[in-house]
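Asker: Input: one structure, supplied below.
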Amino acid sequence: MAEPLARALDRLRRFPHVTVERRVIPEQWPDGPFDLLVLSEICYYFDADELASLLGRAMSSLQANATVVAVHWRGPTNYPLSATAAHGIVAALPVLETVTRHVDEQFLLDVWRHRP
């Protein structure tokens, strides 16, 4: 894991407002506040209870009107959740309002606005 972090740090060095960290989530979720949360290829690795815990921490770290993006592959996996199930759990959060949804044969993309 050290090499990908080192590459990310090197690529983002010219952007002083960007922080790169290695954390275990949801246990080590950062405090925020954040105006953007991108959940890309991660939600379906959790079971429903774990994802709910992650989302609880994530939602509490967002600013009002923050953007939440989720994108996941729709193909067959042995992960605890499918893309559809994972996005359904995110979409059910009462603090999120749907902005747009794109369903592709290969992936699912949803964008929400955080309305606490």
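The values are calculated or read from the model by the stated rules, or taken from the named source; none is laboratory data. From a predicted model like this one, the values you see are computed outputs, not experimental measurements. Note that each Cβ is placed from the backbone with ideal geometry, even for glycine, and that neighbours are counted across all protein chains shown.
Asker: What strands (runs of 3 or more DSSP E), lying completely within the range 54-116, carry at least 1 residues that are without any contact (Cβ under 8 Å) to a residue 12 or more places away in the chain, over 23 Å from GLU27 (Cβ atoms) and touching an Asp or Glu at 6+ places or on another chain (Cβ under 8 Å)? Give the derivation first.
Answerer: Working: elements: 62-73, 96-103, 107-114.
Fully inside the range 54-116 and qualifying: 96-103.
Asker: Do you know which of the residues in the range 38-53 that are of a type in the set (Gly, Ala, Ser) and in contact with a helix residue (DSSP H, G or I) (Cβ under 8 Å, 6 or more places away or on another chain) is farthest from GLN28 (Cα to Cα)? Can you show your working first?
Answerer: Restricting attention to the range 38-53, the residues satisfying the condition of being of a type in the set (Gly, Ala, Ser) are 40, 48, 52-53.
This time we only want the ones that are in contact with a helix residue (DSSP H, G or I) (Cβ under 8 Å, 6 or more places away or on another chain), so: 48, 52.
Numbers: ALA48: 19, ALA52: 15 Å.
Per the stated criteria, the residue is ALA48.
Asker: Restricting the search to the range 22-53, which residues are among the charged types (D, E, K, R), assigned to a loop (DSSP other than H, G, I, E, B) and under 18 Å from ASP110 (Cα atoms)? Break it down stepwise before answering.
Answerer: Taking the range 22-53 and keeping what is among the charged types (D, E, K, R), we get 22-23, 27, 31, 35, 41, 47, 49-50.
With assigned to a loop (DSSP other than H, G, I, E, B) added as a condition, the list becomes 22-23, 27, 31, 41, 47.
The answer is GLU41, and nothing else.
Asker: Separate question: Could you tell me whether LEU37 is in contact with a Phe, Trp or Tyr (Cβ under 6 Å, 6 or more places away or on another chain) and modelled with pLDDT of 95 or more?
Answerer: Values: in contact with a Phe, Trp or Tyr (Cβ under 6 Å, 6 or more places away or on another chain): no; modelled with pLDDT of 95 or more: yes.
For LEU37, the condition - in contact with a Phe, Trp or Tyr (Cβ under 6 Å, 6 or more places away or on another chain) and modelled with pLDDT of 95 or more - is not met.
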